[in-house]
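Only one structure is covered here, and it is reproduced in the block below.
Every number here is computed from the coordinates shown, using simple stated rules; none is lab data. From a predicted model like this one, the values you see are computed outputs, not experimental measurements. Neighbour counts are summed over all protein chains in view; Cβ atoms, including those assigned to glycine, are modelled from backbone coordinates with ideal geometry.
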Amino acid sequence: MMTLYGYWRSSASYRVRIALAMKGIEVKHVAVNLRDGAQNEAAHFARNPQGYLPVLELEDGTKLTQSLAILDYLDAIVPDPALMPSDAVLRSKVLAASLVIASDISPIQNLSVLKYIRSDYGADDEGVTKWVRHWIAKGFNALEEIAETRTSKFLYMDEPGFFEVCLVPQVYNARRFGVNMDAFPHLSAIDAACRARPEFAIAAPEMQPDAM
Ligand SMILES: N[C@@H](CCC(=O)N[C@@H](CS)C(=O)NCC(=O)O)C(=O)O
């Protein structure tokens, strides 16, 4: 059995949990407590030289990092249901929308980034919240415009795929930081349609054994 090193509130781990559930792949879950700094211990750096979660350890001990690369791996080993459209243009569009979240929104609100703006730039709780809300809203404004043109319940696909796997954890984070999701009705509708599905529900942070 594969092992997923993750954390209940890690949005990148949440992406992988959703994809595993969609593909019907059971894994052993090992929690690495980000609040306690367990990601900075030597044991975790041995799994991932970046010191980030998630890490998916395969049965032969191979360790996969970077949530989007892990999603790509899962799609390769269990092609059905597909996370990507087969059409090359749509595939590129799904990837672009996913990267708005995974490359442009999420990294700027990583725990280590928030700690850094507190320690080196004097940000207090209010400043950190303002920072997080700003970058989420910037990315969500663009995604809302894209989502407005969709022709199905989901983005460019008839069923949830790569983009939705990235969106739902990001919306969870947005709510956690008090972003007003009423400003993003199309993203909210996609999020709600996904969360109504069991494979998204069981991957939710509050359903994880390490949830506090
Ligand atoms: N691009 C990476 C980002 C991974 C990442 O930022 N993980 C966060 C949790 S969501 C983390 O481990 N943070 C630890 C830290 O900031 O110290 C991916 O998609 O896997």
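Remarks
- Sorting Cys166, Cys194 from the fewest to the most surrounding beta carbons within 10 angstrom yields Cys194, Cys166.
- Annotated for the chain: lysine pairs at least 8 residues apart or interchain, Cα distance under 28 Å, count 11.
- Length-normalised contact order of the chain in % [C-alpha pairs under 8 Å, at least 6 apart]: 25 percent
- Within segment 190-212, backbone nitrogen closer than 19 Å to the virtual label 7 Å beyond the Cα of Glu41 toward Cβ: 209-212
- When you work out D = kT/(6 pi eta Rh) for the chain at 37 °C and 0.692 mPa s, using the Kirkwood radius from C-alpha pairs as Rh and the Stokes-Einstein form, the result is 186 µm²/s.
- Residue-averaged [θ]222 nm for the chain, counting only DSSP H segments that reach four residues, each worth -39500 (n - 2.57): -15500 deg cm²/dmol
- Shape of segment 149-212, Cα gyration tensor, a/c cut at 1.5: oblate
- Cα centroid of segment 53-93 to Cα centroid of segment 177-192, whole Å: 26 Å
- 11 Å beta-carbon shell around Asn33, net charge (K/R +1, D/E -1): -1
- Along segment 88-105 the Karplus relation, 6.51 cos²θ - 1.76 cosθ + 1.60 evaluated at θ = phi - 60°, assigns HN-Hα couplings of 5, 5, 5, 4, 5, 5, 4, 5, 4, 5, 5, 6, 4, 6, 6, 9, 9, 9 Hz to successive residues, with x for each Gly and Pro.
- Counting Lys and Arg as +1 and Asp and Glu as -1 over every other residue whose Cβ lies under 14 Å from the Cβ of Met207, the net charge comes to +1.
- Using a Förster distance of 45 Å, the FRET efficiency for Tyr116-Val27 (Cβ separation, nearest 0.05): 0.90
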